[in-house]
Amino acid sequence: MGDDWQHALEVAERAALEAGDLIMGGFRASGSVSRKGKFDLVTEFDLASERLIRERIGTAFPNHRIVGEEGEASGEGAFVWYVDPIDGTVNFAHGHPYFSVSVALFREAEGFVGIVHAPALGITWKAARGIGAFRNDAPCRVSLRSSLDEALCTTGFPGNIAATSDTNEAEIGAFARETRGIRRCGSAALDLAMVGDGTYDIYWERALKPWDIGGGMVVVAESGGTLTRYDGSAADPRVGELVATNGHLHPEALDLIAAARRRAFG
C-alpha cells in the first residue's frame, strides 16, 4: 500500500500548499472575521481554504469522506480526510505567524497521511504510513531527551475555557515545575508537528477535534513518537484527548497528568 499512501500524500501536500498560498493573501490584511464562540473565530480565508482543499481531495478520491472544521461532512466510505483550513485562526486574525493548514487521512483510529503546512513560517511537515516523516523534505525524528528536567513541552487550552472547569491549569502547573519549559503555539497541528521534528518533547491537550490533530498525529507516529490518551490507551483523533511524546518521556508525562488531575478533581 506504500504507493497508495505516496499518491495520497502528494495530493494532500499540493492541496495544503495551494491553500497556504490562498490564506497568505489575507495575512496581516483587513478581512472579514466572525465569531463562532466567545474566543472562537472564523475568517473568509478559513472558508475559502476549506473549499479549495475539499475540491482537490474530492476530485482525487471521490470514494472517501471529508470532514472539515467549517463545513458539513461529505462523502462516504471507510477512509476519511480531516481538514483544518487554518489551525490557529486567532493567530491568523491577529497577524501572528503561528497558524497552519492541516490535512490527514484516517480509517477509524488508523492514520495514513498527514500534512501540516505553516505558510507564514515557510515550513511544511508531512508523513505517510511506512514512508516516514519530513520537515521541508528532510527526514525528521523525535528527540532523544529522556529526562523531564530537559524536556520542552507544549499544550493548549480548551476553546470554551470560560465555560468549563477542566481548563488544563493544574496540568500546566505540574509540567512547569518539573520540565525545562512550556510553550503554546495556539495551533495543535503545529504543536504535534514540532514533537515530530524533535523541537518539543511532550504535548498534551483535551477538548480537541479530529481536524485539529489528525495531520500532526501522523507526523508524530511516523517520526517515531508515542501517542495515547491520558490513561495510556490507544490514541484516536475522534476522542479529543491526546498525549504525544518522543516515547522516552511518555510514562512520566502520563504520571504527571494523572497526578495533576487527581489534585484538581479528586
* Structure fact -> Scanning region 176-204 for residues that are surrounded by fewer than 24 Cβ atoms within 10 Å (Cβ to Cβ) and in a helix (DSSP H, G or I) gives Ala176, Arg177, Glu178
* Where a residue in region 190-212 is at positive phi and its partner, wherever it lies, is part of a loop (DSSP other than H, G, I, E, B) and among the acidic types (Asp, Glu), with Cβ under 8 Å and at least six apart -> Ala207/Asp166
* **Pairs with Cβ under 6 Å, 6+ apart, first in region 243-265 and in the same structural domain as Thr199 (by TED's automatic domain parsing) and of a type in the set (Val, Ile, Thr), second at pLDDT below 95 and surrounded by 22 or more Cβ atoms within 10 Å (Cβ to Cβ)** => none
* Asked: Of the numbered conditions (1) surrounded by 17 or more Cβ atoms within 10 Å (Cβ to Cβ); (2) within 23 Å of Ala8 (Cβ to Cβ), Asn168 satisfies every one except a single condition; which is it?
  -> (2)
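The rows are residues; the columns are (1) in the same structural domain as Gly215 (by TED's automatic domain parsing); (2) at pLDDT 95 or above; (3) at positive phi.
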| position | (1), (2), (3) |
| --- | --- |
| Gly68 | no, yes, no |
| Ala78 | no, yes, no |
| Glu108 | no, yes, yes |
| Phe134 | no, yes, no |
| Ile161 | yes, no, no |
* Asked: When only residues in region 72-96 that are more than 17 Å from Ile57 (Cβ to Cβ) and in contact (Cβ under 8 Å) with a residue 40 or more places away in the chain count, which is surrounded by the fewest Cβ atoms within 10 Å (Cβ to Cβ)?
  -> Gly95
* To do: Please state which one of Asp212, Asp236 is assigned to a loop (DSSP other than H, G, I, E, B) and acidic (Asp, Glu).
  => Asp236
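The values are calculated or read from the model by the stated rules, or taken from the named source; none is laboratory data. Note that the structure is predicted; figures quoted are calculated from it, not measured. Methodologically, a virtual Cβ is constructed for each residue, glycine included, from the backbone with ideal geometry; neighbour enumeration extends over all protein chains shown.
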